[in-house]
Amino acid sequence: MRVHQRADTGRPPALSPAADRPPDPPATAVPAPAAPSAAARLRAVPDAALGVLGIVLFAAVLELLPRLGAVPAKYLPPFSEMLGALGDELGSGAFWTALLDTVEGWAYGLAIAVVAGTALGLVIGSVEVLRKATASTIEFLRPIPSVALIPLAVLVLGTGLGSTLLLVVYAAFWPVLLQVLGGVRDVDPVARDTAVGYGFSPWARLRHVVWPTTLPYLMTGLRLAASVALILTVSSQLIIGSPGLGSEIARAQSSNAIPRMYALVLVAGALGVCVNVLARALERRVLSWHTSVRTEARA
Amino acid sequence: MSGMTGTKTKGAESRAGRGLRLLRSGAVHLAYLLGLPAALLALWWVLAARSTNFYYPTLDEILAAFAETWFSERIVDDVLPSLGRLAAGYLGAAVIGIGLGVLLGTRPRIRALLEPVLEFFRAVPPPVLIPVLMLVAGIGDTMKIVVIISGALWPVLLNTVEGVRAIDEVLSDTARCYGLTGTARLRRLVLPGASPQIVAGLRQALSISIILMVISEMFASSSGLGFTVVQFQRSFAIPEMWSGILLLGLLGFALSLLFALFESRVLGWYRGLRQSQRGEK
Amino acid sequence: MTGTKAAAPATEYSAGALAVRGVRKVYQGSGRTVEAVRDLTFTVGAGDLACIVGPSGAGKTTLLKCVAGLLAPTSGEVRLGDARVQGPPPGMAVVFQEYGRSLFPWMTVGANVELPLKQKKIGKAERAALVAQALDSVGLQDAPAAYPWQLSGGMQQRVAIARAIAYEPKVLLMDEPFAAVDAQTRAELEDLTRSLWRKLGMTVLFVTHDIDEAVYLGERVLVLSASPTVVMEDIDVDLPAEREQLTTRALPRFAELRAAVYGHVQRAKTFHSAAAAAGAGDRP
């Protein structure tokens, strides 16, 4: 079966590394030396533990730089103060409202973009005339920075959720559309011809031939769109002032509540991490289901 | 594609016939290329001309405003400085990202140490850094360039790390056997070997850079493209605002075209390799 | 990468003799260690063509990487001429099995062959002459402007061989170079290898799992045991120097040698089983 390659970083199998491949299959296991040296013991620290160590070190640097006076505390308060401010935030209703607003704007915008991008991608991709006729327009509209629409959005839609949605949908729509188009183009011509030969209805062709090939591409598009959508949600809050984390951060900065500002930045980062992790988990889940179903269907 | 005309002619084909066919396929191609954009522009023209809405000026108003607004000292005062900051920030992000990425890609222990922290920085939506950096660096060029760097850096960095790690083991052994070390190794093996991923990172970084260029000027500035467009909006100079949006759109399009050219130059070999591998299967 | 340019008297390298003494290689995995090569000792005289055969998983590649200086042996040493190998020595070229992965896909065929010469700081005119000559001698005089991935597998391996001989090595290491090409191409490449060896006179160490190939090509065949690897047998191939696919393989002596090597390889598979029976019996 066809192996899906991520469109953003795809590289051919022949170039991919066989990570730490021992030259020949391992043979005889020999008991490990009794007393490993200190250096060897450090080397034996698993990577995950090193990562945790990295986070701790980073936090320590954030704490010490202002404490030692290397950076003025009015620019960078000690890490503990950021955490204190974060604690205050977690106890305040306004913070949770802002967080919810942000998640809402992101989720609605992403959902609209994904549905629209998938539907249009399937239709345009399946009809050759449409694909050729729209190619130049897509190539022109896609690179337009969605933030250019901010003034227009404010004029027409005001400073509420509507403006945020317009920007988020515009930005998140393109990666989905392009990936779905790529997926439809990747459908095996033999499979397509076979389906036509057996008299599959267009709907059945879409369901059983086009969709399974396109799904991995759609997942890649979803992953890219999810992080772009978050960037645009926060941007629009920052610039337009629609309620959410972005406007809270701007407010904290202008009112000189510096630890609070950093606390909110940490929350925005954590939100970004959640979005990435969720998108990757969803991708893995859907794709594992997808391959297992296909393997079963073949057996 | 050629099936529509090819079936009629059998055997030897007259030169005129071939010329005609070429002309026709060229015309079809052109129609596909320009048909929809022309239709959309016409639609805009008609709708805007009939509209009495203040927010939707007619297309000729916008074009007139475009010429008047941007073919003036604004090019020197607003457009070029914006582009300069964009270039400085983007190139800074590229250099730092590729440099650090190569370093981390070849040092697995340092990479393991820093990876979660870097993933966090990548996940922070870059616009929230604007207020933070404004605090430290004011609202001058430095702040804006640093904002662009700090947002565009991460895709380049993390993609470079991935690309360097993915360099083929046999290729790297070959390079060692033939004495490729130091800068020669970097120039002939590491950078070209990681270039598919590096270019993918640079592409993501370009669109992030443009976004950050615009909103760093929208958020806090007294000049620049983003600032000017928002000023037009606030002062209800609607055709001028539209012309600014048009300019930003053209800018994005032009830069993505330039990038596509760069990519086809740098990665021509990679496309060929991929195609030959796909052909084998 | 240490000691690549280890200061060693050039005259000693010209000897081109290879000595492997007590080489042992243990891989340190997480929580478990694997002894791939136990104790290997042999020498290959300057200008000799020795083939190494052994059952799959016999640590052949590990051995070759140790000889090439790509892996440091856990104990023991490899000497080229009078100098100890500590990293890839100058004057040694390697042809890998994975032709598709050992050529630089972003360089043309000509640039691939030329690259090592640039590293050797050879002048431009001489480089061009060497590249043309090397491509000519593998029958690819028309290909310098092509990219490797535009060529067939056999032709790609020819490029790798051209790159190796343009480098003018004293020692040529070949790691199952023809295992991934079709039978016809393989026969051609075997003859090419032998004719290049006879013309250029470098030391060749040729690793293969194919007994016929080892006997047909080699002046000597070293049979390795199953892992942990030792040298089980060292057989002199007393076939005429002029070899030809059909007639040489039809010689009675070829059949005898082939049978002898085959017998040793079969024995090699179970070589450690007596010892292993006493131990954990951990062979898969």
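Do we have B:TYR56 as crowded, with 16+ Cβ neighbours inside 10 Å, closer than 30 Å to B:SER195 by Cα and either within 14 Å of chain A (Cβ to nearest Cβ) or of a type outside the set (Gly, Ala, Ser) (or both) here?
No; evaluated as a whole, the condition is false for this residue.
Do any helices (runs of 4 or more DSSP H) entirely within region B:73-169 hold 2 or more residues that are more than 14 Å from every other protein chain (Cβ to nearest Cβ), and if so, which?
In region B:73-169, B:80-106, B:141-165 are the helices (runs of 4 or more DSSP H) which contain 2 or more residues that are more than 14 Å from every other protein chain (Cβ to nearest Cβ).
Just give me the residues in region B:222-269 being among the aliphatic types (A, V, I, L, M) and in contact with a helix residue (DSSP H, G or I) (Cβ under 7 Å, 6 or more places away or on another chain), in sequence order.
B:LEU225, B:VAL229, B:VAL230, B:MET241, B:ILE245, B:LEU246, B:LEU247, B:LEU248, B:LEU255, B:VAL266, B:LEU267
Kindly provide the set of residues from region C:93-109 that are of a type in the set (A, V, I, L, M), more than 7 Å from every other protein chain (Cβ to nearest Cβ) and over 22 Å from C:VAL37 (Cα atoms), ordered by number.
C:LEU103, C:MET107, C:VAL109
Could you identify the single residue in C:ALA68, C:ALA58 that is at the interface with chain B (Cβ under 10 Å from one of its Cβ atoms), aliphatic (A, V, I, L, M) and in contact (Cβ under 8 Å) with a residue 60 or more places away in the chain?
Only one candidate passes the filter, namely C:ALA68.
If you scan region C:179-215, which residues turn out to be among the hydrophobic types (A, V, I, L, M, F, W, C), assigned to a loop (DSSP other than H, G, I, E, B) and at pLDDT 90 or above?
C:MET202, the sole residue that qualifies.
Which residue out of B:ARG203, B:ARG185 is touching an Asp or Glu at 6+ places or on another chain (Cβ under 8 Å) and among the basic types (Lys, Arg)?
Testing whether each residue is touching an Asp or Glu at 6+ places or on another chain (Cβ under 8 Å) and among the basic types (Lys, Arg) leaves just B:ARG203.
Considering only region A:46-60, I want to know if a residue exists there that is modelled with pLDDT of 90 or more, touching a Leu at 6+ places or on another chain (Cβ under 9 Å) and within 30 Å of C:VAL26 (Cβ to Cβ).
Yes: region A:46-60 contains one or more residues that are modelled with pLDDT of 90 or more, touching a Leu at 6+ places or on another chain (Cβ under 9 Å) and within 30 Å of C:VAL26 (Cβ to Cβ).
For region C:191-212, give me each residue that is buried (at least 17 other Cβ atoms within 10 Å of the Cβ) and in contact with a Lys or Arg (Cβ under 7 Å, 6 or more places away or on another chain).
C:ARG194, C:MET202, C:THR203, C:VAL207, C:ILE211
For region A:241-259: of the residues being under 24 Å from A:LEU161 (Cβ atoms), more than 9 Å from chain B (Cβ to nearest Cβ) and in contact (Cβ under 8 Å) with a residue 40 or more places away in the chain, which is surrounded by the fewest Cβ atoms within 10 Å (Cβ to Cβ)?
Across region A:241-259, the extreme among qualifying residues is A:GLY241.
Which one of B:ALA94, B:ALA39, B:ALA64, B:ALA87 is among the hydrophobic types (A, V, I, L, M, F, W, C), touching a residue at least 24 places away in the same chain (Cβ under 8 Å) and surrounded by fewer than 18 Cβ atoms within 10 Å (Cβ to Cβ)?
Of B:ALA94, B:ALA39, B:ALA64, B:ALA87, the one residue that is among the hydrophobic types (A, V, I, L, M, F, W, C), touching a residue at least 24 places away in the same chain (Cβ under 8 Å) and surrounded by fewer than 18 Cβ atoms within 10 Å (Cβ to Cβ) is B:ALA64.
What are the residues in region C:117-170 that are assigned to a helix (DSSP H, G or I) and over 22 Å from C:SER195 (Cβ atoms), if any?
Selection gives C:LEU117, C:LYS118, C:GLN119, C:LYS124, C:ALA125, C:GLU126, C:ARG127, C:ALA128, C:PRO148, C:TRP149, C:GLN150.
Can B:ILE110 be described as within 22 Å of B:SER221 (Cβ to Cβ) and not small (Gly, Ala, Ser)?
When the stated conditions are applied, B:ILE110 does not pass them.
Condition test on A:ALA98, is it within 14 Å of chain C (Cβ to nearest Cβ), part of a helix (DSSP H, G or I) and at pLDDT 50 or above?
Spelling it out, it is not the case that A:ALA98 is within 14 Å of chain C (Cβ to nearest Cβ), part of a helix (DSSP H, G or I) and at pLDDT 50 or above.
Only one of A:VAL267, A:VAL176, A:VAL196 is away from chain B (no Cβ under 14 Å) and buried (at least 19 other Cβ atoms within 10 Å of the Cβ). Can you tell me which?
Residue meeting the stated conditions: A:VAL176.
Regarding region C:216-231, can at least one residue be identified that is modelled with pLDDT of 90 or more, in a loop (DSSP other than H, G, I, E, B) and closer than 24 Å to C:LEU189 by Cβ?
Yes: one or more hits.
For the condition closer than 12 Å to A:GLY125 by Cα and either touching a strand residue (DSSP E or B) at 6+ places or on another chain (Cβ under 7 Å) or in a helix (DSSP H, G or I) (or both), what is the one hit in A:VAL196, A:VAL176, A:VAL187, A:VAL180?
A:VAL180
Return a yes/no flag: does region B:106-121 have any residue that is in the same structural domain as B:THR181 (by TED's automatic domain parsing), touching a residue at least 12 places away in the same chain (Cβ under 8 Å), closer than 17 Å to B:LEU206 by Cα and not hydroxyl-bearing (Ser, Thr, Tyr).
no
Looking only at region C:61-90, how many residues end up being under 13 Å from C:THR41 (Cα atoms) and of a type in the set (S, T, N, Q)?
The number of residues fulfilling the criteria is 1.
Can you find a residue in region C:129-146 that is within 23 Å of the chain's Cα centre (by Cα) and within 13 Å of another protein chain (Cβ to nearest Cβ)?
The answer is no, given that none of the residues of region C:129-146 is within 23 Å of the chain's Cα centre (by Cα) and within 13 Å of another protein chain (Cβ to nearest Cβ).
In the list A:SER247, A:SER236, which residue meets the criterion of being assigned to a helix (DSSP H, G or I) and within 17 Å of A:TYR108 (Cα to Cα)?
Exactly one residue qualifies, and that residue is A:SER236.
Run down C:GLY100, C:GLY76 and say which single residue is over 14 Å from the mean Cα position of the chain (by Cα), at positive phi and either in contact (Cβ under 8 Å) with a residue 12 or more places away in the chain or not in a loop (DSSP other than H, G, I, E, B) (or both).
C:GLY76
Going residue by residue through region B:174-195, is there one that turns out to be assigned to a helix (DSSP H, G or I) and at the interface with chain A (Cβ under 7 Å from one of its Cβ atoms)?
Within region B:174-195, none of the residues are assigned to a helix (DSSP H, G or I) and at the interface with chain A (Cβ under 7 Å from one of its Cβ atoms).
Would you mind finding the one in A:ALA225, A:ALA204, A:ALA229 that is within 11 Å of another protein chain (Cβ to nearest Cβ) and either surrounded by fewer than 24 Cβ atoms within 10 Å (Cβ to Cβ) or not β-branched (Val, Ile, Thr) (or both)?
A:ALA229
Among A:GLY125, A:GLY87, which is the only one that is part of a helix (DSSP H, G or I) and free of Cβ contacts under 8 Å to residues at least 40 places away in the same chain?
On inspection, the qualifying residue turns out to be A:GLY87.
One line per residue, one yes/no per condition, for (1) buried (at least 23 other Cβ atoms within 10 Å of the Cβ); (2) facing chain A (nearest Cβ under 8 Å); (3) hydrophobic (A, V, I, L, M, F, W, C); (4) farther than 22 Å from B:GLU73 by Cα:
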position: B:GLY201; (1), (2), (3), (4): yes, no, no, yes
position: B:VAL214; (1), (2), (3), (4): yes, yes, yes, no
position: B:GLY226; (1), (2), (3), (4): yes, yes, no, no
position: B:PHE232; (1), (2), (3), (4): no, yes, yes, no
position: B:GLY244; (1), (2), (3), (4): yes, yes, no, no
position: B:GLY252; (1), (2), (3), (4): yes, yes, no, no
position: B:ALA260; (1), (2), (3), (4): no, no, yes, yes
position: B:TRP269; (1), (2), (3), (4): no, no, yes, yes
position: B:LEU273; (1), (2), (3), (4): yes, yes, yes, yes
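The values are calculated or read from the model by the stated rules, or taken from the named source; none is laboratory data. If you're wondering where the values come from, they're calculated on a predicted model, not measured in any experiment. Using ideal geometry, Cβ is built from the backbone for each residue, glycine included, and neighbour counts are taken over all protein chains shown.
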